[in-house]
Amino acid sequence: SSKKKWRQPVASSALELGGIKIAKDDVVKDDPTNNVPDTIFSKMGMQLHRRNNHPLGILKNGIYEYFDTNYPNLFDKFDDLCPIVSVKQNFDDVLVPADHVSRSYNDTYYVDAKTVLRCHTSAHQAELLRRGHTHFLVTGDVYRRDSIDSTHYPVFHQMEGVCVFTPDNWQASSLDPTAYAAEDLKKSLEGLARHLFGAVEMRWIDAYFPFTNPSYELEIYFKEKWMEVLGCGVMEQEILKCNGRSDSVAWAFGLGLERLAMVLFDIPDIRLFWTNDERFTSQFSEGQMGVKFKPFSKYPPCYKDISFWINESFTENNLCEVVRGIAGDLVEEVVLIDNFTNKKGLTSHCYRIAYRSMERSLTDEEINNLQWNVREQVQEKLNVVLR
Ligand code: FA5
Ligand code: MG
């Protein structure tokens, strides 16, 4: 039947991460302190960043090459740390305030009240410092509840970099420790951008992160737009102090591998990283940095609107989770196209959902089927009133 075609592959009931066996029941639970859907569990064993002929693996190796060339034997590399971490690791250890939005169930996947799917690779900074590492790169899959479009996916990949300096490093310069670390950070990352992209236009933007001060974001000019590719800064002294390095300063960065890979390989849609379609996978091979992706013909999108009266608990992230749970990677975008409040104070939202497969044409029947299921579940799970 047509249903068979679009249904997501059923997640196997166990997977292995960094040598640890994880059962589906350990991650997806019918419990109010858990908000991890099946679709997320099914992505957890994929390890795209560890495949040497996948664009993310090729990019990871290209970044390794830059650090190995410029700092021989200095950086320790980790790419299989378990993505299931404690709230303490993900937030407390990097000084994220107790009331920060990123801690909410709307933004983060919770396994239980004390355990999350890491939302950034910064979750490993403290433990690695404590274990004695002073120069390290951590690559991994990270998880965030988010909206749906061509540059957002609930699972993406980051690489964290940390470099610790001791007094003899900055004493040889005329700079204070913080200025010394900030200058070295910018120099290293500008060098990395040149290594990956050649001559590119880039700019530094002042930013804020709870774990660094000062903090910056690096933007690269790509396709007539400035695109944010990484966050970074001088590590808060508190983190060093709590993890056995009170005499030191350090820099840290966290870069988005998909964003960089989209620029490097000309990949137009973030869903493509997850496809098994040979017309995608066959275009990339080990060590081939920056080969431009030749898109296969785009199939037509199909737009469906859904309107409903919202309640106080409605969020767009919750809606997107429902839509993804049904349509998986067949959903390209969910956009709010109309929003009004009537005289009685009821608020109505209308969302336009774009369905499109990157691999084939969808039939009217299966799209109608998807939309029908979306309408049913939106009503049931989000407690809204369809119009
Ligand atoms: C962080 O996650 C910080 N932990 C980065 C950091 C590390 C700062 C160390 C300072 C020191 P942010 O949320 O901005 O920051 O994400 C970092 C990068 O991940 C972004 O610049 C972007 O390239 C990428 N990114 C963020 N959200 C998404 C998303 N939904 N899809 C794809 N890439 C994303
Ligand atoms: Mg950012």
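The values are calculated or read from the model by the stated rules, or taken from the named source; none is laboratory data. Quantities reported herein were computed from a predicted structural model and do not represent experimental measurements. Note that each Cβ is placed from the backbone with ideal geometry, even for glycine, and that neighbours are counted across all protein chains shown.
With respect to residue 205, determine if the residue is without any contact (Cβ under 8 Å) to a residue 40 or more places away in the chain, β-branched (Val, Ile, Thr) and either outside the structural domain of residue 168 (by TED's automatic domain parsing) or within 14 Å of ligand 1 (Cβ to nearest atom) (or both). So residue 205 fits the description; yes. Taken as a whole, the structure places residue 248 among residues that are surrounded by 16 or more Cβ atoms within 10 Å (Cβ to Cβ), touching a helix residue (DSSP H, G or I) at 6+ places or on another chain (Cβ under 9 Å), over 23 Å from residue 142 (Cβ atoms) and polar (S, T, N, Q). Of the residues making up the stretch 332-353, at least one is surrounded by 16 or more Cβ atoms within 10 Å (Cβ to Cβ), within 30 Å of residue 59 (Cα to Cα) and not hydrophobic (A, V, I, L, M, F, W, C). When restricted to residues that are within 20 Å of the chain's Cα centre (by Cα) and of a type in the set (D, E, K, R), the stretch 199-226 contains 2. Residues in the stretch 144-155 that are of a type in the set (Val, Ile, Thr) and at pLDDT below 95 were compared, and the one that is surrounded by the most Cβ atoms within 10 Å (Cβ to Cβ) is 148.
Within the option set 254, 244, 233, being of a type in the set (Gly, Ala, Ser) and more than 16 Å from ligand 1 (Cβ to nearest atom) holds for one residue only, 244. Selection of the stretch 124-160 for residues being within 16 Å of residue 236 (Cβ to Cβ) and within 16 Å of ligand 2 (Cβ to nearest atom) yields only 160. Return yes when residue 183 is free of Cβ contacts under 8 Å to residues at least 40 places away in the same chain, near ligand 1 (Cβ under 8 Å from one of its atoms) and among the charged types (D, E, K, R) and no when it is not. So residue 183 fails the test.
Out of all the residues in the stretch 314-358, which are over 24 Å from residue 36 (Cα atoms), assigned to a strand (DSSP E or B) and of a type in the set (Ser, Thr, Tyr)? 341, 347, 348, listed by residue number. All conditions but one from (1) part of a helix (DSSP H, G or I); (2) under 24 Å from residue 149 (Cα atoms) apply to residue 267; the one that does not is (1). Residues that are away from ligand 2 (no atom under 16 Å from the Cβ) number at least 1 in the following strands (runs of 3 or more DSSP E) confined to the stretch 189-260: 212-222, 225-235, 249-256.
Residue 366 fulfils the conditions (1) under 21 Å from residue 43 (Cβ atoms); (2) part of a helix (DSSP H, G or I) except for a single criterion, (1).
More than 15 Å from the chain's Cα centre (by Cα), under 23 Å from residue 107 (Cα atoms) and assigned to a loop (DSSP other than H, G, I, E, B) - does that describe any residue in the stretch 42-51? Yes, the stretch 42-51 contains at least one residue that is more than 15 Å from the chain's Cα centre (by Cα), under 23 Å from residue 107 (Cα atoms) and assigned to a loop (DSSP other than H, G, I, E, B).
Does residue 147 satisfy the criteria of being out of contact with any Pro (no Cβ under 6 Å at 6 or more places or on another chain), assigned to a loop (DSSP other than H, G, I, E, B) and farther than 22 Å from residue 40 by Cα? In short, no.
Out of 59, 81, 74, 15, one residue alone is assigned by TED's automatic domain parsing to the domain that holds residue 261 and assigned to a strand (DSSP E or B). It is 15.
Filtered by the rule that a residue be surrounded by 22 or more Cβ atoms within 10 Å (Cβ to Cβ) and part of a strand (DSSP E or B), the stretch 156-188 gives 157, 158, 159, 160, 161, 162, 163. Please work out if residue 264 is in contact (Cβ under 8 Å) with a residue 24 or more places away in the chain, in contact with a Gly (Cβ under 6 Å, 6 or more places away or on another chain), surrounded by 15 or more Cβ atoms within 10 Å (Cβ to Cβ) and farther than 30 Å from residue 92 by Cα. The answer is yes for residue 264.
Kindly indicate whether residue 227 is within 13 Å of ligand 1 (Cβ to nearest atom), crowded, with 16+ Cβ neighbours inside 10 Å and closer than 17 Å to residue 125 by Cβ. Criteria not met by residue 227. It is to be established whether one or more residues within the stretch 79-87 are closer than 16 Å to residue 236 by Cα, among the hydrophobic types (A, V, I, L, M, F, W, C), within 14 Å of ligand 1 (Cβ to nearest atom) and in contact with a strand residue (DSSP E or B) (Cβ under 9 Å, 6 or more places away or on another chain). For the stretch 79-87, residues closer than 16 Å to residue 236 by Cα, among the hydrophobic types (A, V, I, L, M, F, W, C), within 14 Å of ligand 1 (Cβ to nearest atom) and in contact with a strand residue (DSSP E or B) (Cβ under 9 Å, 6 or more places away or on another chain): absent.
The set of residues in the stretch 153-177 that are more than 22 Å from the chain's Cα centre (by Cα) and within 14 Å of ligand 1 (Cβ to nearest atom) comprises 163, 164.
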